[in-house]
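Just below is one structure, and these are the notes that go with it.
The values are calculated or read from the model by the stated rules, or taken from the named source; none is laboratory data. Predicted model only: the values in this text are computed from it and were never measured. Cβ coordinates were reconstructed from backbone atoms using ideal geometry, including for glycine residues, and neighbour counts include every protein chain displayed. Ligands, DNA and RNA are excluded from the accessible area calculation, which covers all protein heavy atoms including side chains. Shrake-Rupley method; radii C 1.70, N 1.55, O 1.52, S 1.80 Å.
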Amino acid sequence: MHPYNRLPSSGHNSPSPPPSPLRSPRFRHSRSKAGGRFNQPGRTLIQRIVWHLLSVLIRRQGFFLFAPLLYISGMLLYMGSVSFEVVPIISHRPAPGSVYRSPQLYAKLRPEMDADNSSADAISTVWKHSYKGAEWRPCVNKSSGGLAESNGYIYIEANGGLNQQRTSICNAVAVAGYLNATLVIPNFHYHSIWRDPSKFRDIYDEDYFISMLENDVRVVNKVPEYLMERFDHNLSNVYNFRIKAWSPILYYKDAVLPRLLEEKVIRISPFANRLSFDSPPAIQRLRCLANYEALRFSSPILTLGETLVARMKERSANYGGKYISVHLRFEEDMVAFSCCVFDGGEQENEENSKGKRINGKCPLTPLEVGLMLRGMGFDKNTFIYLASGKIYNAEKTMAPLLEMFPNLQTKEMLASDEELAPFKNFSSRMAATDYTVCLHSEVFVTTQGGNFPHFLMGHRRYLYGGHSKTIRPDKRKLALLFDNPKIGWKTFKRQLLGMRSHGDSKGFELKRPNDSIYTFPCPDCMCRSNKTEDSRALSAT
């Protein structure tokens, strides 16, 4: 009996044709000579069995119909898309730091943390390591002589936020002094993120700024009318230099000065970071003079800031009037920009944070800041001033920080609505208020970096004899600690105290060639006075 064809026909079953010969004469002839392709010498038993099965399958025409399906099934099985009980399931632990586990760690450590009374509060002992053998003092001298005839007017647009604008102002003073030009009060570029229309005089004391620089750099409110007539009284018609970032001061002499002498008015926009940090002493002196002496906040900002400082000291009177300030970068836009996920727990999308947290690129959450400070020895009664914008999901994210530090204050908590009303819709004015309170704190804690903490670190060094009094945590080490579910409170605290101790020993730091003078004022803006030399000078008088 002939086997029936398994393929569908035109409506009736017909017997299949006789099978084809298993081997062609040509194949038989070649086998007789060389033993055949499938029966070569040296084949193992397993290989012969496999070749035999293949030969049987090839004889069956239906095999060619199911072969693609078998191939696809095999590939799916190999790639792990189809699960069978015989395939082992490999559990995958996310990379260290890729998942936000700090809430679980807090829940584990909190009982021991609250019961810990093993040491005195850190605020009473921090920053006791002064630089031995010498002290630093501000030594920015103003010129006493008159100025030569001006070579023209320089108008710049300061872009960015409060402290990026500050960089532009100080660099503009240095460039104008170097070119013997008259500086027009800088214009603040309206930014789509900060959305603050404030002018120079809204942020800084303009008259004080002009008077402090009068013997070094001429500063005026506007370009004279007789010159503006040439440009139809429109500054946008003035020639604008597009200067590369971090340009050396010699570039201004070679490229900008000739055009200034020709036009008498030039414009530079944008101007942030358009002057190299590594500059001659004369340029650095002008930067120091502008930043640390001439720039003073406007009277309304200064008054509110000093009021909040007094209230912080009054509330912490039982602790010697000492408080710490924390710059928390956990605003909504900062969280969105970081692309880090903070509320997914174990179900978090790992790809969003992969590598960022372990590399210290995710902003610290309020909970993590609290854990860090408690680990560094700041107890529950420490008074904290929190400098921040609108905090992301504040009601939820701030709760653990307030549990760990119930004496935490913000400008909104210290000031009345009436006091804050003139500042609320102006981000730069609010930031200037935070800057003032942080400047006078016992300890400043930075959590993310940026222009705000960099300027504060330098300003605090300038005020406190070269000592920074700043905590800059190692966020990579913190990420590993926060990711360790087995760590105990004693080990955690020991690690954090070591991190703080390392920062204590680095309180004094000299500026290196490519460092910012606004972060490291020594030695360009400060002089080192040896105690021995001071005593000799006193005895001589």
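Would you check if GLY450 is open to solvent by 10 Å² or more (accessible area, probe 1.4 Å) and farther than 24 Å from LEU162 by Cβ?
no
Restricting to region 299-339, count the residues that are in contact with a Cys (Cβ under 7 Å, 6 or more places away or on another chain) and more than 27 Å from GLN165 (Cβ to Cβ).
Filtering region 299-339 for residues in contact with a Cys (Cβ under 7 Å, 6 or more places away or on another chain) gives 325, 327, 338.
If we keep only those that are more than 27 Å from GLN165 (Cβ to Cβ) too, we end up with none.
Qualifying residue count for the region: 0.
Could you list all residues from region 157-178 that are in a helix (DSSP H, G or I), open to solvent by 20 Å² or more (accessible area, probe 1.4 Å) and of a type outside the set (Gly, Ala, Ser)?
Of all residues in region 157-178, those in a helix (DSSP H, G or I) come to 162-178.
Subsequent filtering for residues that are open to solvent by 20 Å² or more (accessible area, probe 1.4 Å) retains 164, 177-178.
Passing the criteria: GLN164, TYR178.
Is it the case that some residue within region 313-323 is open to solvent by 60 Å² or more (accessible area, probe 1.4 Å), touching a helix residue (DSSP H, G or I) at 6+ places or on another chain (Cβ under 9 Å), of a type in the set (A, V, I, L, M, F, W, C) and part of a helix (DSSP H, G or I)?
Among the residues of region 313-323, not one is open to solvent by 60 Å² or more (accessible area, probe 1.4 Å), touching a helix residue (DSSP H, G or I) at 6+ places or on another chain (Cβ under 9 Å), of a type in the set (A, V, I, L, M, F, W, C) and part of a helix (DSSP H, G or I), which makes the answer no.
Given LYS486, LYS490, which one is of a type outside the set (A, V, I, L, M, F, W, C), over 21 Å from GLU135 (Cα atoms) and not in a loop (DSSP other than H, G, I, E, B)?
Numbers: LYS486 fails: not in a loop (DSSP other than H, G, I, E, B).
Sole residue among the options that is of a type outside the set (A, V, I, L, M, F, W, C), over 21 Å from GLU135 (Cα atoms) and not in a loop (DSSP other than H, G, I, E, B): LYS490.
Kindly establish whether SER118 is surrounded by 14 or more Cβ atoms within 10 Å (Cβ to Cβ) and at pLDDT below 95.
Values: surrounded by 14 or more Cβ atoms within 10 Å (Cβ to Cβ): no; at pLDDT below 95: yes.
So SER118 does not fit the description; no.
Okay, residues lined up against (1) free of Cβ contacts under 8 Å to residues at least 12 places away in the same chain; (2) surrounded by 19 or more Cβ atoms within 10 Å (Cβ to Cβ); (3) assigned by the TED database to the domain that holds LEU304; (4) not charged (D, E, K, R):
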{"position": "ASN180", "(1), (2), (3), (4)": "no, no, no, yes"}
{"position": "VAL184", "(1), (2), (3), (4)": "no, yes, no, yes"}
{"position": "TYR190", "(1), (2), (3), (4)": "yes, no, no, yes"}
{"position": "ARG195", "(1), (2), (3), (4)": "no, no, no, no"}
{"position": "ILE203", "(1), (2), (3), (4)": "no, yes, no, yes"}
{"position": "ASP207", "(1), (2), (3), (4)": "yes, no, no, no"}
{"position": "GLU214", "(1), (2), (3), (4)": "yes, no, no, no"}
{"position": "VAL217", "(1), (2), (3), (4)": "no, yes, no, yes"}
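What number of residues in region 219-251 are open to solvent by less than 30 Å² (accessible area, probe 1.4 Å) and either of a type in the set (Gly, Ala, Ser) or touching a Cys at 6+ places or on another chain (Cβ under 9 Å) (or both)?
1
For region 140-156, name all the residues that are open to solvent by less than 30 Å² (accessible area, probe 1.4 Å) and either modelled with pLDDT under 90 or touching a Cys at 6+ places or on another chain (Cβ under 9 Å) (or both).
Answer for region 140-156, where residues must be open to solvent by less than 30 Å² (accessible area, probe 1.4 Å) and either modelled with pLDDT under 90 or touching a Cys at 6+ places or on another chain (Cβ under 9 Å) (or both): just VAL140.
How many residues are open to solvent by 60 Å² or more (accessible area, probe 1.4 Å) and at pLDDT 90 or above if we restrict to region 494-509? Spell out how you get there, then give the answer.
Going through region 494-509, the residues open to solvent by 60 Å² or more (accessible area, probe 1.4 Å) turn out to be 494-495, 497, 501-502, 505-506.
Those left that are additionally at pLDDT 90 or above: 494-495, 497.
Residues flagged as open to solvent by 60 Å² or more (accessible area, probe 1.4 Å) and at pLDDT 90 or above within region 494-509 amount to 3.
Conditions (1) over 28 Å from PRO111 (Cβ atoms); (2) open to solvent by 10 Å² or more (accessible area, probe 1.4 Å), marked per residue:
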position: MET413; (1), (2): yes, yes
position: GLU418; (1), (2): yes, yes
position: ALA432; (1), (2): yes, no
position: VAL443; (1), (2): no, no
position: GLY458; (1), (2): yes, no
position: ARG472; (1), (2): yes, yes
position: LEU481; (1), (2): no, yes
position: PHE492; (1), (2): no, no
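Return the only residue of ARG285, ARG296 being modelled with pLDDT of 95 or more, open to solvent by 40 Å² or more (accessible area, probe 1.4 Å) and under 23 Å from GLY160 (Cβ atoms). Quick ask: steps written out before the conclusion?
Numbers: ARG285 fails: under 23 Å from GLY160 (Cβ atoms).
From the options ARG285, ARG296, the qualifying one is ARG296.
What's the number of the only condition in (1) modelled with pLDDT of 95 or more; (2) closer than 15 Å to TYR178 by Cβ that PHE241 fails to meet?
Result: PHE241 passes all but (1).
Mind checking which residues of region 460-470 are open to solvent by less than 10 Å² (accessible area, probe 1.4 Å) and in contact with a His (Cβ under 9 Å, 6 or more places away or on another chain)? Before the answer, list the steps.
So the first thing to find is which residues in region 460-470 are open to solvent by less than 10 Å² (accessible area, probe 1.4 Å), and the list is 460-461, 466, 468, 470.
Result: ARG460, ARG461.
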